[in-house]
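Heads up, the thing below is written out as structure tokens.
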Amino acid sequence: MPDLIAKAAALPLHSRTPLEWGRAVLADPISLLADHAFLEKKAAQNAMELLTRWPGEWLPGWVETMTGIARDEAAHLSQVVRLLTRRGGRLGRTHANPYASQLRALVRLGSHDEIIDRLFASALIELRSCERFSVLATCAAQIEGAEDLAALYNALFSSEMGHYKVFLKAAHRTAGGGVRRKLASVPVESRWQEMLAAEARILAAQPVGPRVHSGVPATSSSC
């Protein structure tokens, strides 16, 4: 699916995932799907958490937007769990995602900038997931018996792209006019670029393994 790779290449990420990463993680599809299911669960929870964190006294459309994202992520969770079950896997009770945890650690808690950082962190997770799904869809399409995975990741690419844009737009809207109090202590675009650079460093430090946000193998080649 070269069209997805081309679209992913246009994303503003500061690093790119080689196709070799996709081949490596797809070697253990059950572990990959189990990790992915928890990511969708946490994405739905994140949207629900943001539901009541509108900036200022009120922001029209905020609740509807976060409700829609939560609904989408819950639907994705159902899709992933269905594929996991078909392959004989099941969810564990606990899950850790150091990549997402380290991104959220960048949020400046207790400041007027907190909500902007939360939105940026959410946008980054969706953005990287979008890029990773393009790689997974491309590599799965070349593996016999992985047609269901190729279809899943191809479909989720567009959804993650949409969520990334929603979170990014919400951050800019929050930092701009229409909010009664000052929310940003630094220009919003500068902060976005800082967090993009930090995201690339955080991802590069992750260990390899069958996870959506794992590190890249030491050697890389095409699928």
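The values are calculated or read from the model by the stated rules, or taken from the named source; none is laboratory data. Just so it is clear, the structure is predicted and the values come from calculations on it, not from any experiment. Here the Cβ is made from the backbone with ideal geometry for all residues, glycine too, and neighbour counts use every protein chain on show.
Could you list, in sequence order, the residues of the stretch 106-125 that are in contact (Cβ under 8 Å) with a residue 60 or more places away in the chain and in contact with an Asp or Glu (Cβ under 6 Å, 6 or more places away or on another chain)? Scanning the stretch 106-125 gives a single hit, LEU124.
Hey, does the stretch 123-133 have a residue that's part of a loop (DSSP other than H, G, I, E, B), touching a Leu at 6+ places or on another chain (Cβ under 8 Å) and not polar (S, T, N, Q)? Looking through the stretch 123-133, none of the residues is part of a loop (DSSP other than H, G, I, E, B), touching a Leu at 6+ places or on another chain (Cβ under 8 Å) and not polar (S, T, N, Q).
Could you check, for the stretch 114-134, whether at least one of its residues is over 25 Å from ARG16 (Cβ atoms), surrounded by fewer than 21 Cβ atoms within 10 Å (Cβ to Cβ) and either at pLDDT 95 or above or within 12 Å of the chain's Cα centre (by Cα) (or both)? Within the stretch 114-134, not a single residue is over 25 Å from ARG16 (Cβ atoms), surrounded by fewer than 21 Cβ atoms within 10 Å (Cβ to Cβ) and either at pLDDT 95 or above or within 12 Å of the chain's Cα centre (by Cα) (or both).
Yes or no: the stretch 142-163 includes at least one residue that is among the aliphatic types (A, V, I, L, M), within 25 Å of GLU49 (Cα to Cα) and modelled with pLDDT of 95 or more. Among the residues of the stretch 142-163, at least one is among the aliphatic types (A, V, I, L, M), within 25 Å of GLU49 (Cα to Cα) and modelled with pLDDT of 95 or more, which makes the answer yes. Only a single item in (1) over 14 Å from the mean Cα position of the chain (by Cα); (2) touching a residue at least 60 places away in the same chain (Cβ under 8 Å) is not met by SER159, and it is number (1).
Taking the stretch 65-99 as the range and being surrounded by 16 or more Cβ atoms within 10 Å (Cβ to Cβ) and closer than 30 Å to ALA198 by Cα as the test, the residues that pass are THR65, MET66, ILE69, ALA70, ASP72, GLU73, ALA74, HIS76, LEU77, VAL80, ASN97, TYR99. Residue check: is MET195 assigned to a helix (DSSP H, G or I), under 21 Å from MET48 (Cα atoms) and modelled with pLDDT of 95 or more? No, not satisfied. Residue-level check: of (1) within 25 Å of ASP28 (Cα to Cα); (2) surrounded by fewer than 23 Cβ atoms within 10 Å (Cβ to Cβ); (3) among the aliphatic types (A, V, I, L, M), ALA105 misses just (1).
Among the candidates GLY177, GLY215, the residue that is modelled with pLDDT under 95, surrounded by fewer than 17 Cβ atoms within 10 Å (Cβ to Cβ) and not in a helix (DSSP H, G or I) is uniquely GLY177.
Whenever a residue of the stretch 176-196 is more than 14 Å from LEU119 (Cβ to Cβ) and of a type in the set (A, V, I, L, M, F, W, C), its partners that are at pLDDT 50 or above and not in a helix (DSSP H, G or I), lying with C-beta atoms within less than 9 angstrom and at least six residues away or across chains, give the pairs VAL186/ASP113.
Among the helices (runs of 4 or more DSSP H) confined to the stretch 1-105, the ones with at least 2 residues that are free of Cβ contacts under 8 Å to residues at least 40 places away in the same chain and farther than 19 Å from ARG118 by Cα are located at 2-9, 62-86.
All conditions but one from (1) buried (at least 18 other Cβ atoms within 10 Å of the Cβ); (2) under 16 Å from the mean Cα position of the chain (by Cα) apply to TRP62; the one that does not is (2). Evaluate the following for TRP21: is it at pLDDT 95 or above and in contact with a helix residue (DSSP H, G or I) (Cβ under 9 Å, 6 or more places away or on another chain)? Answer is yes for this residue. Residues in the stretch 53-99 that are modelled with pLDDT of 95 or more and among the β-branched types (Val, Ile, Thr) were compared, and the one that is farthest from VAL166 (Cα to Cα) is THR85.
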